[in-house]
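The values are calculated or read from the model by the stated rules, or taken from the named source; none is laboratory data. Model, not experiment: these values are computed from the prediction. Neighbour counts are summed over all protein chains in view; Cβ atoms, including those assigned to glycine, are modelled from backbone coordinates with ideal geometry.
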Amino acid sequence: MGKDIQNESLIIVSEIMTSVDPIIKKLIEKKFEKQEEFIPGKSVISLIKPSFGPDEILESLDSLLTTNVTMGIKVKKFEKLFSKYLKSNFASMVNSGSSANLVALSALTNPEFSQKLKKQSEVITPAVTWATTVFPINNVNLKPKFVDIDLENFCMKTDDLDDAVSSNTSLLLPVHLLGNVCDMSKIKEVSTKKDLLIMEDCCEAHGAEFKGQKVGTIGDIASFSFFLSHHITTIEGGMVVTNNESLYELSKAIRAFGWIRDLKHKDELTKKYPKVDPRFMFTNTGYNLRPTEIQGAFGIHQIKKLDKFIKIRNENRRYCTKRFLQYEDYFIITKEDPRTKSVDFCYPLTIKKKSPFSRESLLKYLQKKKIETRPIMSGNFLEQPAIKYISHAKHGKLDNSKLAMKNSFFFGNHHEIGRKECEYVVDVIAQFIERKLWKK
């Protein structure tokens with residue numbers, strides 16, 4: 001699978017050499033030749049590092065030089081490669097992961113979908129999430145119902161998922177947060193028992209697996225993001241993935257004005273409405289959420305690098321976890337379910353309530369040591385000011401979500417972080433703890 005994708009990507013590179021001047025090509029390649037040496041205490045341990053290089057830039061230049069810059073053959077090529085990687089039937093690219101969520105939910109609530117979700121029905125989703133997982137639920141007249149998370153993987157708790165479902169629930173929306181994987185067996189079990197649809201938010205989980213199956217292919221529809229900080233990037237960009245042809249056709253229409261240009265049955269629609277110019281026939285409601293060829297150009301080269309990036313992130317996580325286990329009295333450490341393959345978007349830690357230090361004091365110390373950190377996505381979304389604009393419900397007290405909002409954080413784990421950087425981060429945190437214990 002990986003070699004097939006790489007070979008197809010190499011064909012694209014050979015095709016663009018005629019449009020980009022060799023001198024420019026050499027300058028671009030030279031720019032990416034050297035990686036900066038890590039110097040402990042002086043180099044910054046960043047949250048992200050761009051994952052693109054000469055191939056993506058040259059491919060983008062080709063699009064600019066040929067003036068083929070709007071959604072076209074390169075976007076379609078990336079859709080095909082991404083779908084092949086996941087082993088999904090269909091994939092439609094959009095301009096961001098947020099848009100992917102909006103398009104997917106718009107398809108699920110569209111009158112043309114035979115299992116259309118009813119207005120103001122409940123969507124069960126975790127309280128710790130990203131803002132634009134929540135906002136599109138509201139945008140399409142559905143009601144988010146927040147459930148708690150498991151602090152060992154930051155995914156939605158499923159032990160009482162049955163109890164969270166009401167007679168008004170229509171959709172389960174698990175989020176594979178931080179590259180960790182939700183308990184999809186339990187989620188599928190509840191969806192079957194209660195006759196609910198499943199939408200997977202995989203925006204931070206490219207290549208993650210549950211029981212050997214790629215996330216994004218387990219539910220009815222899924223979203224991915226290719227923002228700059230994610231495993232692979234198209235600068236901005238997203239993908240809607242499904243095995244349901246009806247949802248796929250709706251997704252293509254919704255991302256582009258609701259017109260028929262990319263639809264399978266456009267010829268039938270042309271015959272049905274002969275007085276309407278088929279180039280500008282709108283068969284459904286929609287938005288303009290199309291990606292550009294620049295984004296497609298990035299994607300067709302990024303996808304072949306994904307497995308290599310995941311391997312680096314996994315190795316970093318295993319090393320850090322092994323070292324942090326000696327500090328389990330102070331931290332809740334992420335644990336991987338043996339049924340899953342996580343892809344480690346970052347390295348998260350939660351400071352236990354009885355630890356002799358606060359998150360603020362630790363993060364201040366890390367900042368001094370040039371280690372970047374941030375909270376866990378939007379934190380407990382019910383504590384965000386924007387929640388006052390959203391009709392919502394919750395199940396339970398959300399104790400773990402509240403603790404994550406107050407005590408959790410993460411530092412970077414990406415393709416340009418290796419053993420030296422990991423050793424430095426763990427050593428700095430160990431040094432901080434020892435000083436706190438000594439003062440105590």
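Taking the stated definitions as given, is S191 out of contact with any Phe, Trp or Tyr (no Cβ under 9 Å at 6 or more places or on another chain), among the hydroxyl-bearing types (S, T, Y) and free of Cβ contacts under 8 Å to residues at least 40 places away in the same chain? The answer is yes for S191.
Here F135 passes the criteria (1) buried (at least 23 other Cβ atoms within 10 Å of the Cβ); (2) under 15 Å from L173 (Cα atoms) except the one numbered (1). For segment 233-252, which residues satisfy the criterion of being within 30 Å of H415 (Cα to Cα) and among the small types (G, A, S)? Scanning segment 233-252 gives G237, G238. Kindly establish whether S167 is surrounded by fewer than 21 Cβ atoms within 10 Å (Cβ to Cβ), over 22 Å from R339 (Cα atoms) and either without any contact (Cβ under 8 Å) to a residue 24 or more places away in the chain or assigned by TED's automatic domain parsing to the domain that holds L382 (or both). The answer is yes for S167. When each of R323, R290, R359, R339 is tested for being among the basic types (K, R) and under 24 Å from F210 (Cβ atoms), the lone residue that passes is R339.
Assigned to a loop (DSSP other than H, G, I, E, B) and modelled with pLDDT of 95 or more: is that true of K397 in this structure? Spelling it out, K397 is indeed assigned to a loop (DSSP other than H, G, I, E, B) and modelled with pLDDT of 95 or more. From Y365, Y389, Y424, which residue is at pLDDT 95 or above and closer than 30 Å to N168 by Cα? From the options Y365, Y389, Y424, the qualifying one is Y389. The set of residues from segment 186-231 being of a type outside the set (D, E, K, R) and assigned to a helix (DSSP H, G or I) comprises I187, V190, S191, T192. Residues in segment 199-209 that are crowded, with 20+ Cβ neighbours inside 10 Å and either out of contact with any helix residue (DSSP H, G or I) (no Cβ under 7 Å at 6 or more places or on another chain) or closer than 15 Å to T158 by Cα (or both): 2 in all. If the condition is being part of a loop (DSSP other than H, G, I, E, B) and either at pLDDT below 95 or of a type in the set (F, W, Y) (or both), then segment 100-136 contributes F113, W130. Against the definition (touching a residue at least 60 places away in the same chain (Cβ under 8 Å) and assigned to a loop (DSSP other than H, G, I, E, B)), how does F345 come out, yes or no? The answer is yes for F345.
Inspect all residues belonging to segment 248-264 and state whether any of them is basic (K, R) and within 30 Å of N153 (Cα to Cα). There is no residue in segment 248-264 that is basic (K, R) and within 30 Å of N153 (Cα to Cα).
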